[in-house]
Structure formats: C-alpha cells, structure tokens
Amino acid sequence: MFTGSGIFRWGTGGCRCPPPPAVRFPGGPGPAAPAGGAAQRRKRRRRGRAAAVAEGLKMAGSSTPWIGSAYLFLQSTCKTIVLPSLYESSQKKPSVFKALKLALADSTGSVNGVDMLKVHCSHPHLIVQLKFCKQENCRRFLQSYREGALQESLQNHLQLSLAMTTVPLEMELKAGNEHLDSMLKDEDRCLECIYREKPDRLRDEEISELEECLKSLIVHQSINNNTAVKGCASLNAPSLPCPSQGSSLSPQVTFIFQGQHFANRTLTPDDHQKFAKLVSKKWKQVGRSLQKNCRALRDPVIDNLALEYDREGLYEQAYQLLLRFIQSEGKKATIARLIAALEENGLISLAEELLGLHSNEDCS
C-alpha cells in the first residue's frame with residue numbers, strides 16, 4: 001500500500017507479502033559470528049597442531065624413522081677450566097671429544113645411541129648439537145640427564161682424559177626455543193620438543209675426523225694390550241708384571257683367568273653393553289660380588305634398582321647396575337674386577353665373551 005508520501009509500507013492494508021531477503025554481495029561481510037568464535041578457532045588450531053605431533057610420534061613408532069635434535073650446553077663451574085678453550089686446543093680437543101663420546105654412550109647404552117653433529121665454542125659454553133634416530137635412545141638420554149648420571153659420567157671421563165683432579169660441570173638442554181630443564185619430569189613433552197626440531201645440518205667434517213682418530217686410538221691400544229699379554233704369557237714367572245702400556249692400564253697391570261694372563265683395563269662401553277645383554281637374571285648376584293669393594297652398590301641400592309627398572313626388564317637393570325659401578329669407581333672400574341665377580345657366580349661364558357676368547361676361537 002502506498003502512503004501519501006510515496007512510501008510503500010509492508011504489512012499494512014491488504015498486502016501481506018514478506019520482506020525481501022537480505023542481499024549478501026560477493027566479498028562482503030557475512031553474518032555476525034557468535035561471541036567467542038575466534039577463541040574457539042584458536043583452540044581448534046592448537047588441538048590440530050598437538051594432534052599432528054602425536055601422530056608424528058605414532059608414525060615414528062611404526063615405519064617412519066624417529067629423528068630429533070637438541071643442544072647440550074656445557075660450562076665448567078671452575079674458573080680455571082674453560083671448556084671452549086680446551087676444545088679449541090689442538091692437543092686437548094681429542095681428549096675432550098673422547099670424554100663427550102663416552103659419556104653420551106653411557107647415557108643411551110650404545111655407542112651409536114646419539115650422534116654429535118657439531119661442537120660449537122661459545123665462551124663460556126661448549127655447545128654440542130645432538131641428533132637422535134630412535135625414540136627409545138632419546139628417552140634413555142633424557143632419563144640419564146634428569147637423574148644426573150650423564151653429568152657425573154662426563155665429569156669422570158673429562159677428569160680421566162684431561163688428567164685433572166676434578167672437572168665440575170653445569171648443563172643445560174634446549175630444543176629450539178624450549179628449555180627442557182624446566183619440563184624434565186614431563187618426559188613425553190620433552191620427546192615432542194626434540195622430535196619437532198629436525199637436524200639442520202649433516203655431521204661436521206671435524207667430528208668425522210675425530211671419530212676416526214678415536215677409533216684408531218682404541219685399535220692401537222688394543223694391539224698394545226694384546227702384545228703385552230702375549231709377552232707376559234711367554235714368561236715362566238707369572239708374578240712379574242708386564243710394563244705399563246699407558247693410562248688405559250690400571251695399577252694392576254695384568255690378571256689371570258683360567259691360567260692365562262690378560263691385560264687389565266678400565267671397562268669400555270662395549271663391555272657395558274655385552275654385560276647388560278648377556279648376564280640375564282644373575283645381574284643381582286654379580287652386583288652382590290661387586291658391592292664388597294664398592295660403596296655405591298651397598299644395600300639397599302641393588303634392590304632399589306630392581307624395583308625402579310622392573311618395567312624396563314633385565315637389560316636395563318643390569319645396565320644401570322654396572323653404570324653405578326663405573327661412575328662410582330672411575331678408573332678403578334676395571335675388567336679384572338668384573339671378571340672376578342662373573343667367575344665367582346659361575347658366569348664363565350660371559351667372562352670369556354668380554355675377554356674376546358669366543359671370537360678368537362672362531363678365528364682359529
């Protein structure tokens with residue numbers, strides 16, 4: 001109906017037509033979003049990212065390789081010990097690298113458990129870029145770091161390698177912008193942070209060269225030790241010790257096992273792994289034998305280890321036992337003491353394996 005002013009009014013008079021629908025132009029604003037919609041969208045995006053990380057972890061557990069990266073910051077609390085300066089020294093660098101390599105092997109239970117990509121010197125810190133290729137290795141590393149075992153192991157190895165009385169350390173672990181020290185109790189969250197940070201480089205050439213030098217040094221020492229053993233075995237007077245072949249030999253230069261002389265030495269990561277793998281259920285008995293001369297294994301330490309690592313199984317229990325022994329005894333944690341404990345508990349085959357007698361028999 002038209003009014004006198006020429007305006008058409010809906011719903012007056014006899015016309016009952018509905019009002020025209022709202023027109024939405026292309027590119028124009030749509031209907032107003034309900035209150036709180038933006039916040040909900042942000043929550044959904046966060047959930048999506050978390051789900052993606054969780055899915056990545058699941059894939060890592062199946063067929064996709066689990067690869068992550070982190071940075072280990074090291075600093076000595078002793079003013080006279082500057083780790084970057086030691087590493088920059090051509091004479092000290094191999095010793096520092098050897099200590100790093102052995103300590104990292106201790107933390108994961110394997111020489112190849114974690115890979116060093118590069119060592120950065122940023123005074124006063126020595127920064128080690130780490131690469132993990134298995135989630136389980138990364139988990140072992142985090143446990144060792146959280147419990148202080150990695151710190152103690154590295155301090156001991158640096159002390160031995162650099163021939164110093166003590167090397168006190170401070171450590172910090174980072175993955176990207178995340179400071180992992182503040183979340184170590186949340187192991188899964190730490191794993192997610194490390195998994196998100198993929199390595200941004202290949203292994204540095206210098207690291208590869210140091211690896212080769214370390215391997216050559218170990219082979220050279222092994223040859224020297226075998227030569228010393230043969231020389232001792234040819235003597236009719238077994239009470240005469242062989243000449244010392246270097247720092248790898250302890251004060252008790254040789255020992256006798258089944259009528260043969262063997263060069264004594266400190267336990268190696270390879271010894272550590274073989275023991276954990278092969279000792280099986282008798283790890284506690286061996287621990288009781290070692291505890292006679294090792295305060296770190298006195299009761300109730302062995303029973304506590306059995307309870308603490310019950311879920312992980314026999315390998316981890318045996319590994320942690322020997323790790324406590326090595327960390328406590330340092331240079332005195334020798335193959336002779338372990339062989340004596342094995343012999344006392346009738347584990348002759350394992351003792352022969354550690355001394356390389358099985359491989360020698362296969363070659364003959």
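Within the range 147-169, being of a type in the set (Asp, Glu) and without any contact (Cβ under 8 Å) to a residue 40 or more places away in the chain holds for one residue alone: Glu147.
For Asp186, the test of being within 23 Å of Cys133 (Cβ to Cβ) and either open to solvent by 90 Å² or more (accessible area, probe 1.4 Å) or modelled with pLDDT under 50 (or both) is failed.
Sub-6 Å Cβ pairs linking a first residue in the range 323-349 that is free of Cβ contacts under 8 Å to residues at least 12 places away in the same chain to a second residue that is among the aliphatic types (A, V, I, L, M) and open to solvent by 20 Å² or more (accessible area, probe 1.4 Å), at least 6 apart or interchain, number zero.
How many residues does the range 72-84 contain that are open to solvent by 20 Å² or more (accessible area, probe 1.4 Å) and touching a residue at least 12 places away in the same chain (Cβ under 8 Å)? Total satisfying the criteria: 5.
Given the options Leu104, Leu160, Leu150, name the one that is part of a helix (DSSP H, G or I), of a type in the set (A, V, I, L, M, F, W, C) and open to solvent by 50 Å² or more (accessible area, probe 1.4 Å).
Leu160
Residue count for the range 189-217, restricted to those that are surrounded by 14 or more Cβ atoms within 10 Å (Cβ to Cβ), touching a Lys or Arg at 6+ places or on another chain (Cβ under 8 Å) and in a loop (DSSP other than H, G, I, E, B): 3. Going residue by residue through the range 224-240, is there one that turns out to be part of a helix (DSSP H, G or I), polar (S, T, N, Q), open to solvent by less than 80 Å² (accessible area, probe 1.4 Å) and modelled with pLDDT under 85? Checking the range 224-240: at least one residue is part of a helix (DSSP H, G or I), polar (S, T, N, Q), open to solvent by less than 80 Å² (accessible area, probe 1.4 Å) and modelled with pLDDT under 85. In this structure, Arg295 does not qualify as among the basic types (Lys, Arg), under 24 Å from the mean Cα position of the chain (by Cα) and closer than 25 Å to Asn156 by Cβ.
When residues in the range 132-143 are screened for being more than 14 Å from Leu173 (Cβ to Cβ) and touching an Asp or Glu at 6+ places or on another chain (Cβ under 8 Å), 1 of them pass.
I need the full set of residues from the range 107-123 which are touching a helix residue (DSSP H, G or I) at 6+ places or on another chain (Cβ under 8 Å) and open to solvent by 20 Å² or more (accessible area, probe 1.4 Å), in order please. The answer is Ser110, Val111, Lys118, Cys121, Ser122, His123.
The values are calculated or read from the model by the stated rules, or taken from the named source; none is laboratory data. Values in this document were obtained by computation on a predicted structure and should not be read as measured data. Cβ coordinates were reconstructed from backbone atoms using ideal geometry, including for glycine residues, and neighbour counts include every protein chain displayed. With ligands, DNA and RNA removed, areas are computed over all heavy atoms of the protein, side chains included. Shrake-Rupley method; radii C 1.70, N 1.55, O 1.52, S 1.80 Å.
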